[in-house]
1. If we count other beta carbons within 10 Å of each Cβ, what is the order of 50, 13, fewest first?
2. Mind checking the angle between helix 77-94 and the chain's longest principal axis? C-alpha axes, 0 to 90 degrees, to the nearest 10.
3. Which percent of Cα-Cα pairs in the range 6-94 sits in each 10 Å bin, short to long?
4. Can you list residues whose amide H is under 5 Å from residue 56's amide H, if they're 5+ apart or on another chain and H is modeled 1.01 Å from N?
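Coordinate-derived values only; no laboratory data. As the structure is a prediction and not an experimental result, all values here were calculated from the model. With ideal geometry, Cβ positions are generated from the backbone for all residues, glycine too; neighbour counts draw on all protein chains shown.
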Amino acid sequence: MTGDKALVFDVLYAGRDAPPHLTQTMFSVLGPERGKPTTVDGFGDKAISYHDKTGLDMLNILKGNILITIGMHGVPAKTALEQQKSLAKKILAKL
């Protein structure tokens, strides 16, 4: 993905597309390979942001049994987080 811009996102519903509690388990293990994720307040029950090993700036949100993952590449980290938050608000409003 070098030099390109990318936006990837996924919404996973436990009990619908996945076994119950899978979303909580996935949220607890997702995160940076090294270092500590940053907590993001005001989104779902829990939310974290981090830079992953593939070069994506990630925002993971857990709301009940729903896991939302949003990744961006090719923009500064601060810009990515602001755009991810904007998209997350739109997704959360539809749930």
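1. Going from sparsest to densest Cβ surroundings: 13, 50.
2. 30
3. 18, 53, 27, 2
4. So residue 56 has HN proximity to no qualifying residue.
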